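Here's the structure we're looking at; comments come further down.
The values are calculated or read from the model by the stated rules, or taken from the named source; none is laboratory data. Computed from a prediction, not measured in an experiment: that's the story for all the values here. Virtual Cβ from ideal backbone geometry, glycine too; neighbours counted across all protein chains shown. Ligands, DNA and RNA are stripped out before the accessible areas are found, and what is left, the full protein with its side chains, is counted by its heavy atoms. Shrake-Rupley method; radii C 1.70, N 1.55, O 1.52, S 1.80 Å.
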Amino acid sequence: QDGHSADNTKQSTADMTIFVQNLLQQMINLDNVCQVLDNVALDDMGNRIDELEQSINDLRVEMGQEGSPSPSAALKSKDDSKAADDSA
């Protein structure tokens, strides 16, 4: 019987190894899917923000405030001047 129990232990170890490998592969696949979904969600959010900014700009034009910069343009110019200060 010692031969049978050693065989069972080897088989059990092999089965467990395969199980763990499959589980790890599924986790990797799930992580990849989550990353893709996160990227899609970020792209969608970016598109919505762009559409919102365009709507705000359209409203400004209708109200006769064509010369006012958008809030994001003000932030970008602030970041640009900060970057210029840092590089000096």
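Within the stretch 33-57, residues that are in contact (Cβ under 8 Å) with a residue 12 or more places away in the chain sit with their Cβ atoms under 8 Å from residues that are open to solvent by less than 70 Å² (accessible area, probe 1.4 Å) and outside any helix (DSSP H, G or I), at 6+ positions apart or across chains, in these pairs: E53/S70; I56/S70; N57/S70.
Residue-by-condition table, conditions (1) surrounded by 10 or more Cβ atoms within 10 Å (Cβ to Cβ); (2) assigned to a helix (DSSP H, G or I); (3) within 17 Å of the chain's Cα centre (by Cα); (4) among the charged types (D, E, K, R):
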residue: A6; (1), (2), (3), (4): yes, yes, no, no
residue: D15; (1), (2), (3), (4): yes, yes, no, yes
residue: L24; (1), (2), (3), (4): yes, yes, no, no
residue: L30; (1), (2), (3), (4): yes, yes, yes, no
residue: L37; (1), (2), (3), (4): yes, yes, yes, no
residue: L42; (1), (2), (3), (4): yes, yes, yes, no
residue: R48; (1), (2), (3), (4): yes, yes, yes, yes
residue: Q54; (1), (2), (3), (4): yes, yes, no, no
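With respect to D58, determine if the residue is open to solvent by 90 Å² or more (accessible area, probe 1.4 Å), modelled with pLDDT of 90 or more and part of a helix (DSSP H, G or I). Give the derivation first.
Details: open to solvent by 90 Å² or more (accessible area, probe 1.4 Å): no; modelled with pLDDT of 90 or more: yes; part of a helix (DSSP H, G or I): yes.
Answer is no for this residue.
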